[in-house]
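Here the structure is laid out as structure tokens; the discussion comes afterwards.
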Amino acid sequence: MSGQLTLTALPGLPMVRPGDDLTGLVLDGLDRAGLRLAAGDVLVVTQKIVSKAEGRLVHLTDVSPSAPAVALAEASGKDPRLAELILRESRRVLRTRPGLVVVEHRLGFVCANAGIDHSNVRGEGRDAEGWVLLLPENPDRSAQTLRERIRRQTQVEVGVVIIDSHGRAWRLGTVGVAIGLAGIPGLDDLRGTPDLFGYRLQSTEVGVADEIAAAASLLMGQAAEGTPVVHLRGARFSRSDGKLSELLRPEDEDLFR
């Protein structure tokens, strides 16, 4: 990292709808912010607008709950149709209590309710309360696609991080985390690097993409802020070929699952 990081929330992005040109919206936002992309910049994008652009909206009236979904709904107090979507988006259910279902998502991370969201979600022509939003089908691919399209239109190599808000097992509050990335590492491996006194670090791996996600999330907010894209400048990385799987602890190293 350099000595200074600059983060800027892009102003004036409209509500994103299925099929919208996300690249064009981001570039327009950069223009409004008076920013000209430079090599090494990172664009941090909330999963919500990626999912909307990719058409990951589902109306609950289109969902028929299975018997396992009905059982999960009874245990959690959730709508059986929502429980069905949670099951479809999950590898397995890990914990359940009234109001909450914790799952191993099909993408490999642990999260609440399979990342399915009601907030700031509205489709067209139907009961607004019935719409929910699923996570992107493949966030790494979504990040890579956005990165490549920006490169074609600007001739600038940038990093892209797609983020979501997750809780933590041992701490309260949600934090922005990376669920897809391109052009930056997920982890920065500092093992073997000397500290201030010459001691060589033995186990330090920095979750670079998650740290960027958390920093950008402070600007994005969680409610009605309307700033789903943040431009970051000043980060320096040893490589640029990261992916989500770097950040996921293998199950055989997980002492709590």
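LEU146 - would you say it is modelled with pLDDT of 90 or more and part of a loop (DSSP other than H, G, I, E, B)?
Numbers: modelled with pLDDT of 90 or more: yes; part of a loop (DSSP other than H, G, I, E, B): no.
So LEU146 does not fit the description; no.
Every residue, every condition in (1) of a type outside the set (Gly, Ala, Ser); (2) not in a strand (DSSP E or B), yes or no:
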site: THR61; (1), (2): yes, yes
site: PRO65; (1), (2): yes, yes
site: ALA69; (1), (2): no, yes
site: ALA75; (1), (2): no, yes
site: LEU82; (1), (2): yes, yes
site: ILE86; (1), (2): yes, yes
site: ARG91; (1), (2): yes, no
site: THR96; (1), (2): yes, no
site: GLU104; (1), (2): yes, no
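Of all residues in segment 80-111, which are of a type outside the set (A, V, I, L, M, F, W, C), on the phi < 0 side of the Ramachandran plot and over 21 Å from the mean Cα position of the chain (by Cα)?
If the condition is that a residue be of a type outside the set (A, V, I, L, M, F, W, C), on the phi < 0 side of the Ramachandran plot and over 21 Å from the mean Cα position of the chain (by Cα), then PRO80, ARG81, GLU84, ARG95, THR96, ARG97, PRO98 are the ones that fit.
Assigned to a loop (DSSP other than H, G, I, E, B), surrounded by 11 or more Cβ atoms within 10 Å (Cβ to Cβ) and at pLDDT 95 or above: which single residue out of LEU37, LEU13, LEU7 fits that description? Step through it out loud before you land on a result.
Numbers: LEU13 fails: at pLDDT 95 or above; LEU7 fails: assigned to a loop (DSSP other than H, G, I, E, B).
Every option except LEU37 fails the conditions.
Residues being modelled with pLDDT of 85 or more and in a loop (DSSP other than H, G, I, E, B): count how many of those fall in segment 149-203.
So the count comes out to 10.
Identify, by number, the condition in (1) surrounded by fewer than 15 Cβ atoms within 10 Å (Cβ to Cβ); (2) within 20 Å of GLY234 (Cα to Cα); (3) not polar (S, T, N, Q) that ARG32 doesn't meet.
Evaluating ARG32 over (1) surrounded by fewer than 15 Cβ atoms within 10 Å (Cβ to Cβ); (2) within 20 Å of GLY234 (Cα to Cα); (3) not polar (S, T, N, Q) leaves (2) as the failure.
Within the group ARG151, ARG106, ARG141, ARG147, which residue is under 25 Å from PRO18 (Cα atoms), assigned by TED's automatic domain parsing to the domain that holds ALA38 and touching a strand residue (DSSP E or B) at 6+ places or on another chain (Cβ under 6 Å)?
Numbers: ARG151 fails: touching a strand residue (DSSP E or B) at 6+ places or on another chain (Cβ under 6 Å); ARG106 fails: assigned by TED's automatic domain parsing to the domain that holds ALA38; ARG141 fails: touching a strand residue (DSSP E or B) at 6+ places or on another chain (Cβ under 6 Å).
Matching residue, one of ARG151, ARG106, ARG141, ARG147: ARG147.
Of the residues that make up segment 171-183, is at least one of a type in the set (S, T, N, Q), over 27 Å from LEU7 (Cβ atoms) and in contact with a strand residue (DSSP E or B) (Cβ under 7 Å, 6 or more places away or on another chain)? Even if it seems obvious, please write down each step before you answer.
At the first step, the residues of segment 171-183 found to be of a type in the set (S, T, N, Q) are 174.
Keeping just the survivors that are over 27 Å from LEU7 (Cβ atoms) gives none.
Among the residues of segment 171-183, not one is of a type in the set (S, T, N, Q), over 27 Å from LEU7 (Cβ atoms) and in contact with a strand residue (DSSP E or B) (Cβ under 7 Å, 6 or more places away or on another chain), which makes the answer no.
The values are calculated or read from the model by the stated rules, or taken from the named source; none is laboratory data. Everything quoted here is computed from the prediction, not taken from an experiment. Ideal geometry is used to build each Cβ from the backbone, glycine not excepted, and the neighbour counts take in all protein chains shown.
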